[in-house]
Amino acid sequence: ESIYVTGNTVIDALQWILERPRSALKPSLEEQLGLRSSDDGRRLILVTAHRRENFGQPLEDICKALKRLVERNTQVEIVYPVHPNGEVREPVYRLLSNVQRIHLIDPLPYEHSIHLMNQAHLILTDSGGFQVYSLGEAGRRERGGDGLVRITEDGVEFRSHLDGSTHRFTPEHSI
């Protein structure tokens, strides 16, 4: 009786930011980093990895995989806003700072992060916040017919990419 479902303020904020004109964000992050245009075949991958569980060898393995990814795929560019924690910065910069098409940058203001996520062909992350964003983006694609997730006031519905089965999570079920 005393619980009111009001919606998802994270998804609401994301949608509000994406509706704002990008011209307010000048110079653009793409201009600052010298990124190629997405219409020339570039595939932008946004990476975040900063969880404590990934410190040490797991993070080094992630960095090595990112390096292999750009070496094997010339159309791929990676943008990695690196967390300020030394347990993250040291191995990331040691292993990736001289790799072409991997852009290591300081963490971004929220609005820039949202627009970069929206531009990314793929997001590789250990961040729950970025995962929530990806649900919102997939939900928008679902209305166009090619997403695997649909978000409604009643919850989130996932369609498995493996077997097509549907899985539904409501706020009550998730808690």
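The values are calculated or read from the model by the stated rules, or taken from the named source; none is laboratory data. Note that the coordinates shown come from a computational prediction; the quantities given were computed from them, not determined experimentally. Quick reminder, even Gly has a Cβ in these numbers, built from the backbone with ideal geometry, and neighbours come from all protein chains shown. Heads up: the accessible areas ignore ligands, DNA and RNA and are worked out on the full protein's heavy atoms, side chains in. Shrake-Rupley method; radii C 1.70, N 1.55, O 1.52, S 1.80 Å.
Please give the residues of region 73-112, grouped as numeric ranges, whose backbone N is less than 11 Å from a label point set 7 Å along the Cα-to-Cβ vector of Q57. Counting backbone N atoms under 11 Å from the label point, the list is empty.
Counting only protein chains, not ligands or nucleic acids, how are E90, E1, E77 ordered by accessible area (probe 1.4 Å), most first? Kindly include the intermediate steps, with their values, before the conclusion.
Working: E90 95, E1 215, E77 10 Å².
So the residues, ranked largest to smallest area, are E1, E90, E77.
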